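Down below is the structure, laid out as structure tokens.
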Amino acid sequence: MSDEGVDVAADVVVVGAGIVGAACARSLARAGARVVVLDRDAAASGTSAHGEGNLLVSDKGPGPELDLAQESLRRWAALAGELAEELGPRFPSVEHDAKGGLVVVASADGLAGLREFAAGQREVGVEAVEVSGDEARELEPDLAPGVLGGIYYPQDAQLQPVAAAEALLASARRAGAVVRTGVEVTGPLLGAHGRLVGVSTTRGDVAAGAVVVAAGPWSAQVADRLGAWLPVRPRRGVVLVTTPMRQRIHHKVYDGDYFAATQSAGAELQTSAVVESTRGGTVLIGSSREQVGFDERLGAEVLTQMARRAVAVFPFLARTNVMRSYLGFRPYVPDHLPVIGADPALPGLWFATGHEGAGVGLAPATGDLLAAALLGLSPAVDPDPYAPGRTTLQDLRPAPDPRPAQGAHEGART
Amino acid sequence: MTSYRVPAGSDPIEPGADRPLTIRVDGEPVTGTAGQTIAGVLLGAGQRQWRTTRDGAPRGVFCGIGVCFDCVVEVNGLRDVRACLRRAQDGDVVATTPEAGR
């Protein structure tokens, strides 16, 4: 790999101050590295601020993403208290809420599919409790009468992702990290043998022994500016927000189509009902997936589909007012696994990105894994499945550009 | 901090005649002056909070310009009315906890 010559005391620059960059910065700083975090905008202003703060095992089948999620959800449960203790009562709560998830279906076929999926999850330690329609309505009294049954996932949780990212950054600062916002990366600093030794920015050069790109759906562009390649693309999602109300929804509730939507590769619009309430009293209604680049123009079709699906699960929502909607971009990777580790082509470049809609949940384990790999510590989970050099990604690498690479060492493109 | 009503005649922005009106808030009469929003009437009567979050945190006027929805009340049976935007009319019936009893 490419970590020769990097010692534990080396400076690391983390590009991106979202939840994943914040978690990387904290893990690195607490392990003794001197860390500088850069973000072109404010901290936690991109993908982290435009989701629902999900910490989920329910939507993940057995495999590396579920392994990372299980480790990460354990970490969050402890971190919520650790951060509160470290940062004191004046710092906003991360609002960690072990509310549990409930997946419901209205057909026998749907239930059979859920049952099989849950059986696989149970084998690897996920708590998945089958519930009848009546039991589901005991958990959620306002569920539609047509709900036939489902699976209850007590390990699913939620938190406030902006507060959580800010808390991780504050904790990283206390360990010596420096966070600089409004600073955009413009190119690489290259050292001997073409090694990446920092970044040039709109506010001057930042030298570092290693560069970690944690820029979510914008990671491919940052990689490109540094002379590297990464197949991360934006996958858009929209959330509807109701006016505040008394609590009528107690878990994260979604219909059985959600998993299929997360695992699909299509660019076309896909929707499924994902409904939950927040501490502020609003109800968040999702979800949608579409690949339309970074287009921020909102269409009515996606809102209509989501609202219709949500009302099918919770009929009372038909008489609820929606006060706004927001949209964001998830970092989509074609093989549906995060990208965590060293770039196979450009020494000194590391990635922590590609979590699609699961970055908030996967952040702590990602930060620990990245820090362990970069600093030569022993990782809590096997890092290989997330390696940027894995064949499922590298097989997608475009043919080498015959023109000389601009601003980058020629070895950066293979 | 307290909130109170400035007499209409000494309003530094737009002084004018005081045309009193009365609205009912959760059954209790509250007086204001024509031109005030419902939030204005409530604030003028010294009331700064009329809603709570699920955790019990107080809510009233936050943004004051219709964006945050923190000040929503029920007015004449219509839910989710932003008190900061709705001009008070004499006789308005305002419920601060429209979900109660539903």
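Any read-out appearing in this document is the output of simple, stated calculations on the displayed coordinates, not a laboratory observation. Keep in mind that what you see is a predicted model, and the values were worked out from it rather than measured. Every residue, glycine among them, receives a Cβ derived from its backbone with ideal geometry; neighbour counts consider all protein chains shown.
Direction-averaged shadow area of the convex hull around the Cα atoms of the stretch A:270-414, nm²? Can you show the working numbers first?
Details: hull surface 50.0 nm².
For the stretch A:270-414, the mean projected area of the Cα convex hull comes to 12.5 nm².
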Residues of the stretch A:214-229 with amide N under 12 Å of the 7 Å Cα→Cβ point at A:R397: A:228-229
Which percentage, to the nearest 5, of the DSSP beta bridges contained in the protein assembly as shown is antiparallel? 70 percent
Using the alpha-carbon centroid of each, what span in Å lies between the stretch A:293-346 and the stretch B:1-45? 44 Å
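How big, on average over all directions, is the shadow cast by the Cα convex hull of the protein assembly as shown, in nm²?
Numbers: hull surface 108.9 nm².
Result: a mean projected hull area of 27.2 nm².
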For every helix of n ≥ 4 consecutive DSSP H residues, a contribution of -39,500 (n - 2.57) applies; sum these over chain B, divide by its total residues, and give [θ] at 222 nm rounded to the nearest 500 deg cm²/dmol. -1500 deg cm²/dmol
Trypsin sites (Lys or Arg not before Pro) within the stretch A:157-254: DSSP coil, no more than 12 neighbouring Cβ in 10 Å: A:R203, A:R246
Output needed: percent of Cα pairs per 10 Å distance bin for the stretch B:20-95, bins running from 0 to the one holding the longest distance. 22, 58, 19, 1
Running Debye on the stretch A:252-349 with equal point scatterers at the Cα sites and no solvent, what base-10 log of I(q)/I(0) appears at q = 0.10, 0.17, 0.19 Å⁻¹? -0.36, -0.85, -1.00
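Helix-only estimate, please: 222 nm mean residue ellipticity of chain A, summing -39500 (n - 2.57) across DSSP H runs of length 4 or more and dividing by its residues, to the nearest 500. Let's see the in-between values first.
Numbers: 10 runs with 121 residues, N = 414.
Mean residue ellipticity, 222 nm, calculated: -9000 deg cm²/dmol.
Over the stretch B:20-95, what relative contact order in percent results from Cα pairs under 8 Å that are six or more residues apart?
Details: 144 pairs, mean separation 28.5, N = 76.
About 38 percent, as a whole number.
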Singleton cysteines, chain B, no second Cys beta-carbon under 4.7 Å -> B:C71, B:C84
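Mind checking which helices in chain A clear 24 Å along their axis (Cα) and have mean Kyte-Doolittle hydropathy of -1.0 or more, DSSP H runs only? Let's see the in-between values first.
On the way: long enough: A:64-87 (32 Å, -0.23).
Long hydrophobic helices here: A:64-87.
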How high is the relative contact order of chain A, in percent, with contacts defined as C-alpha pairs under 8 Å that are six or more residues apart? 23 percent
Sketch the reach of a paramagnetic label on A:T202 as a point 7 Å from Cα along Cα-to-Cβ, and name the residues of the stretch A:29-65 whose backbone nitrogen lies under 17 Å away. A:37-47
Starting from the 7 Å offset along Cα-to-Cβ, what nm value, one decimal, do you get for the label separation of A:E127 and B:V6? 5.7 nm
Of all GluC sites (Glu not before Pro) in the stretch A:288-324, which ones are in loop regions per DSSP and have a Cβ with at most 10 other Cβ atoms within 10 Å? A:E296
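Compute the relative contact order of the stretch A:174-225 as a whole-number percentage, counting only Cα pairs closer than 8 Å that sit 6 or more residues apart in sequence.
Working: 63 pairs, mean separation 13.8, N = 52.
Relative contact order for the stretch A:174-225 comes out at 27 percent.
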What number comes out for the charge environment of A:P217, summing +1 per Lys or Arg and -1 per Asp or Glu over other residues with Cβ under 12 Å away? +3
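How big is D, in µm² s⁻¹, for the stretch A:188-248 by Stokes-Einstein at 25 °C and 0.890 mPa s if Rh is the Kirkwood radius over C-alpha pairs?
Details: Rh = 14.5 Å.
Approximately 169 µm²/s, per Stokes-Einstein.
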